Amino acid sequence: MKRSAAEIVREYGPFAGVEAVHGVTYDGTHVWFASGDRLNSVDPADGKIARSIDVAAHAGTAFDGRHLFQIAEDRIQKIDAATGKVLANIPAPGGGGDSGLAWAEGSLWVGQYRERKIHQVDPQTGKVLRTIESKRFVTGVTWVDGELWHGTWEGEDSDIRRIDPDTGNVLEQLDLPAGTMVSGLESDGGDRFFCGGGDRGNVRAVRRPKRS
Amino acid sequence: MESLITAAARALQAGDPLGALNRVALRNDAPSLALRGIAMAQLGDLTKAKTLLRSAARAFGPREAVARARCVVAEVEIALVSRDLTWPTKTLAAARATLEGHGDLANAAHAGHIEARRLLLLGRPDEAERTLAEIKSTPLPPASQVARELVIAGIAIRRLRTKAARAALDRAASAARQAGIPALAAEVESTSRVLDTPAARLITRGHERSLLLEEVEDLATSEALVVDTFHHAVRRRCILVPLGRRPVLFALARILAQAWPADVSREALITGAFQARHVDESHRARLRVEIGRLRTKLKPLADVSATRQGFALTPRKTPQVLVLARPVEEKHANVLAFLSDGEPWSSSALALALGTSARTVQRALEELARSNKVQSFGHGRARRWMTPPVPGFPTGLLLPGPLLKT
């Protein structure tokens, strides 16, 4: 396993009226983050909130190209990114113990925090297709270039780790400085991760290690 | 982090404990237990709340030191509000250090305020003040500021510094408005009322009038000879003759001071101080002895001289004699008088001071407790009694902030 210190490239926020960041996603131009009763989109160039959708937003956030998916209480809401309307609801696999959310390969991937699990879920029905065990409390989940990454947050320690989607073994780990939390994780498809900063109410960009 | 936990925590913050319980009622993981504990505390079931918070503290993993420390602080606050002062102070100190060490300064300050409130309740204002001074001055959340200012006001009132008390209460009121917690604002207001209601009666030359706390404070610098029924003492400025353990002598001093400059007949002194129904020769002999003792005690302040029909008080170095009395002299006023020094008293110590039986004192205390004029803490031999109006004790819970965001 490769282990290194996370390189924080940039910090966004804290934002006015945002107590905590619960989930993060990226739609290709804007970073979206969940802040309890709102989804906010931030332009990563200027770091300002461009738009907000009033919707219950208690944990992970994901984007499938057209829709935003947002965990609220014990369900996953499917939201039209253009209009902000909630189109559908499916049950969340952790029954409310859910934290991170990602969209990849036609499935939703849901982190179940204290159970240290990641579930692959059918986005139409909410059916659990398979479950990957992690070693740590799971927060954000993201897929990039066929790699499965997730954030961890246990006690006062957080890191971002790449795991083997078949075995759950940790392949690579980026440690965040002590007291820096990861709530929500999303790759921009390139060399950046966006991570929610928990109750600091901010979003950080962390460099993704280059593949050799 | 966790979806339902976030939702429940938000409900709690919005003042909706039932909404929070709805979301986590059936869950037994650590954050859910903590949330349920806080919700129960807000709903007033302190016993249940304590049990839940204790299980939550146990259920949090070894890496979750901050979450655990927050549970400890919440549990201790519940204990304080229910006037159980027997909790181990070391536990609170350790939790406070953990929070401080992890940069959770707001909750560390909250823990410090709880400690200061306890010390004030125990009648140790100096230590309370030291504890307040140790708290790192970060910008505190408004609710914490209210707690802090109420303790400061409590200390000032204890020391009869009304100006300082008023200033602290003004700051508390504006912080309470900022916090937007109505119960807290009401707490500040009721504490402020202490300063605006008569705190005492002043009796001189047969007349009496009400005094505010401020005016009582002024008496400390007055030239007059003061017979102080609050502290069972006779004083002039810094010369103090404590008569707390000599109730008969104090009663005589008071009767003489109330009549001053006139004299008081032997019969009046005997019936007033000895509680005798009819006066006989043995009472007269006892009066002579007691007056002799009083004369010795009061030597630096006044003389007690014999007149044709009785005795009269002659103050030294001042032309004025005042009696400072409780606003309402009620049944068991003597018990209240001792308790009003703010110290915790055991019933046996009170019985000794009052010269009555422990059983009589016990009965009086129980009767006073029923009308909320006194309160006790501890059990059995360790039980202590004190008067309740100790400012600085929001009866509502503030509870540590973001308990659940780990």
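The table for this structure:
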item: Qualifying positions in the range B:320-374 - open to solvent by 10 Å² or more (accessible area, probe 1.4 Å), modelled with pLDDT of 85 or more and within 24 Å of B:Leu160 (Cβ to Cβ); result: B:Gln320
item: Single unsatisfied condition, A:Glu19 versus (1) within 14 Å of chain B (Cβ to nearest Cβ); (2) touching a residue at least 40 places away in the same chain (Cβ under 8 Å); (3) part of a strand (DSSP E or B); result: (3)
item: Test result for B:Gly15, part of a loop (DSSP other than H, G, I, E, B) and closer than 24 Å to B:Ile181 by Cα; result: yes
item: Matching residues in the range B:245-275 - criterion: being open to solvent by 40 Å² or more (accessible area, probe 1.4 Å) and touching a residue at least 60 places away in the same chain (Cβ under 8 Å); result: B:Arg245, B:Pro247, B:Arg254, B:Gln258, B:Pro261
item: Wholly enclosed strands (runs of 3 or more DSSP E) of the range A:70-113 bearing at least 1 residues hydrophobic (A, V, I, L, M, F, W, C), within 14 Å of chain B (Cβ to nearest Cβ) and farther than 17 Å from A:Gly36 by Cβ; result: A:86-91, A:107-112
item: Some residue of the range A:24-39 being within 13 Å of chain B (Cβ to nearest Cβ) and open to solvent by 20 Å² or more (accessible area, probe 1.4 Å); result: yes
item: Of all residues making up the range B:220-263, the number that are part of a loop (DSSP other than H, G, I, E, B) and either within 14 Å of B:Leu324 (Cβ to Cβ) or not acidic (Asp, Glu) (or both); result: 17
item: Qualifying position, being touching a Pro at 6+ places or on another chain (Cβ under 7 Å), away from chain B (no Cβ under 14 Å), open to solvent by less than 40 Å² (accessible area, probe 1.4 Å) and modelled with pLDDT of 90 or more, among A:Ile163, A:Ile132; result: A:Ile132
item: Number of the exception - A:Ser187 against (1) touching a Phe, Trp or Tyr at 6+ places or on another chain (Cβ under 6 Å); (2) free of Cβ contacts under 8 Å to residues at least 24 places away in the same chain; (3) more than 10 Å from chain B (Cβ to nearest Cβ); result: (2)
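Every residue, every condition in (1) under 14 Å from the mean Cα position of the chain (by Cα); (2) among the hydrophobic types (A, V, I, L, M, F, W, C); (3) open to solvent by 50 Å² or more (accessible area, probe 1.4 Å), yes or no:
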position	(1), (2), (3)
A:Val55	no, yes, no
A:Asp74	no, no, yes
A:Gly96	no, no, no
A:Glu105	no, no, yes
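The values are calculated or read from the model by the stated rules, or taken from the named source; none is laboratory data. Only a predicted model underlies this, so the values are computations on that prediction, with no experimental measurement involved. Because the Cβ atoms are built from the backbone with ideal geometry, glycine has one as well, and the counts that use them run over all protein chains shown. Please note that ligands, DNA and RNA were not included when accessible areas were found on the heavy atoms of the full protein model with its side chains. Shrake-Rupley method; radii C 1.70, N 1.55, O 1.52, S 1.80 Å.
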